[in-house]
Amino acid sequence: MTSKTVISIALILLCAMPLAAQYNWQLLAQSPQNGQKQDDVFFLNPNLGWSVNGSGRIYKTTDGGATWTKLIEQPGTYFRCIGFIDSLHGFAGNIGTGYFPNVSDNTPLYRTIDGGANWQAVTTIAGPQPTGLCAIQVVTPQVLVAGGRVGGPAHFLKSTDGGASWTSQSLAPQLAMLTDLYFSSPDTGFAFGGTNANVQLSRCKILRTTDGGQNWTPVYESNRPFELIWKAHFPSAATGYATVLSYAPNTLERFVAKTTDGGLSWTELPLVDNGAKAFGIGFLNDNTGWIGCDNSIYETTDGGLSWTPKNIGQYVNKIRVMPEAVYGIGVRIYKMVPQLSTTITAEQAEPRLNAWPNPAYDSVNVSFYLEKPGKITLQIFDPQGRLLYKTTEQSYPAGKNSEVLSTGTMPSGMYLLVISNGRQTLGQTKLLVQQKP
C-alpha cells in the first residue's frame, strides 16, 4: 500500500460520513409513551430492538421502531437500562428504591431468555448488592458490565459467563454515583458519574480501568459543584465525548467533556449558555454528533466546537448509534437515518452500507446498495490505515447485495469497513470488533 493510500484512509477515518449528508430526525409515531421520559433503547440489528421506562414497562419492535409491543408492565419497578446478547438473551436494570418516588422494587437486575416475553430477577450477584443500575453494556457475548446508580451508591457489576453469574464491586470512595459505563474491550473501560451523592456537592468524575474493573484510575474531574457526567459515547478508539449534566443555579454556562487520546485525558468544550440540562449523547463519527437536553437536541458537525439547536424531542436520556440509524429516546423515541443531499447525482451517491452485529465477534453481516452493476471489493482497515482484510473482486448487480465477512482472527478494536470498485472508495462505515476473552 502506498503512503498516499494510507493518508487517504486516515482522512476517511476522520470523516466517515459524507459532507453532503443531511440529518433528519423523525418521530416514531407509535413509540411508547408513559407521561414522562423513556429511559433506554437497544437495537440488536436494524429491525429488532427494545425500550424501557420508569413505569416498569418493556417494549419490543421487530420493524425498526415503526411499531412496538408491550412485553411487561411491572408497577413499582423503574427500568433504567437494557442490553441483549442475542435475540433471546437480555438484561434490564432497575433504578431501585430511595431515589425516584413510587419505586418499591429492590431487585437491581432482571434477565430474559425468551426475547423479553418473561423476565426473572438475577440472584447470582456475588459481592456487595447494588442498590440500582443505570447502565448495561454487552462487551462480548461472554463479558457484560453494568453499573449504578444516580444518587449513589456506586457499584460496578461484571459477568464473564454470558450473564449466568455476576460479581459486584463498590467504587467508593473514588466515585459516589455511577451513571454510565463504556468498555472498548473486556479489559479497558470507563465509569462515569459524580463525586458526591448530593448533587449540590458533586463534581463530574471519570474513572478508567485496564484490568477489567479490578482497579480504577481517575482521568477527569470537573472543578464546579452541581455537576455529574450523565452519558458518554466513543465514536472511535481515540475520540470520546461525555455530557456534563449541571444543576448549577447561578450560571447558564454548560459544557461537554471530550477526549482525543482514548480517554487518557479529557478537556471541556462549551456547549450552550442557556442553562440547558445535558443528558444523552451519540456521535456518527469523530466530528458529527448530538446531545439531548431537557429543551431540545443540539447538533455538532465540527467535533464539538459549535452546537446548533434542533427542535427534536425533550429530555433525550439516551442516544443509541447503530450502523444504519440513530435512535434518541426521551419523552418519545426519534429515529434518524442519514440521507444524502439531493444536490449530488446518483453516480456520486454513497451506497447504503450496513454492518451487523456491530460490535462484531466471529463474523459480520454486510449489506450494501449499488446504483448500477459493478465489480466490488470489501476491505477492512485498522486506524493506522493498514489493510487487514480484502475480499476477492466480484461482480454485483444493481440494488441490494450482501456478504458475510470473517472477523474471528482480528484483534478487538475499531476498524473501517470500506466498499470499493477498484478506482475509488464508494462507501465506508465504522466496525467495532470484540473477541472473547
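All of the numbers you see were taken from the coordinates with simple rules; none came from a lab. Remember, it's a predicted structure, so these values are computed and weren't measured experimentally. In this analysis, Cβ positions are derived from the backbone assuming ideal geometry, glycine residues included, and neighbour counts consider all displayed protein chains.
If neighbour count is taken as other Cβ atoms inside 10 Å, put 378, 264, 71, 417 in order from fewest to most.
Final ranking by Cβ density, sparse to dense: 264, 71, 378, 417.
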Across all Cα atoms of region 276-323, Rg and the largest Cα-Cα distance (Dmax), in Å, are 9.9, 29
Which value in nm describes the separation of the simple spin-label points at residue 120 and residue 219, placed 7 Å from the Cα toward the beta carbon?
3.7 nm
Residue-averaged [θ]222 nm for the chain, counting only DSSP H segments that reach four residues, each worth -39500 (n - 2.57):
-1000 deg cm²/dmol
Starting from the Cα of residue 372, draw a straight line to each of the lysines and keep only those under 21 Å, dropping any in the same chain fewer than 8 residues away.
400
Expressed in nanometres to one decimal, the distance between label points 7 Å along Cα→Cβ at residue 88 and residue 402 is 2.1 nm
Just to confirm a number: summing +1 for Lys and Arg and -1 for Asp and Glu over residues other than residue 416 whose beta-carbon lies under 10 angstrom from that of residue 416, what do you get?
0
Under the rule of at least 5 residues apart or a separate chain, name every residue whose amide H is placed under 5 Å from the amide H of residue 388.
380, 381, 382
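What length, rounded to one decimal in nm, is gained on full extension from residue 198 through to residue 369, with 0.36 nm per residue of separation minus their alpha-carbon distance?
So the extension gain works out to 56.4 nm.
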Selected from 144, 36, 276, residue furthest toward positive end of dipole (the chain; charges at beta carbon):
36
Hey, rough spin-label estimate for residue 392 and residue 113, points 7 angstrom out along Cα→Cβ, what's it come to in nanometres?
4.3 nm
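Restricting everything to alpha-carbon atoms, can you work out Rg to Rh for the chain with a Kirkwood hydrodynamic radius?
0.95
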Gain in span if fully extended, residue 30 to residue 362, counting 0.36 nm per residue against the direct Cα distance
116.0 nm
C-alpha center-to-center spacing [region 139-199, region 262-328] in angstrom:
23 Å
Determine, for each peptide in 93-101, 129-137, the mean count of other beta carbons within 10 angstrom over its residues, then list the peptides with the highest first.
129-137, 93-101
Would you grab the residues whose amide H sits under 5 Å from the one on residue 415? Only those 5+ places off in sequence or on another chain, please, with H modelled 1.01 Å from N.
431, 432, 433
How tilted is helix 3-14 with respect to the longest principal axis of the chain? Cα atoms for both, answer in degrees (0 to 90, nearest 10).
40 degrees
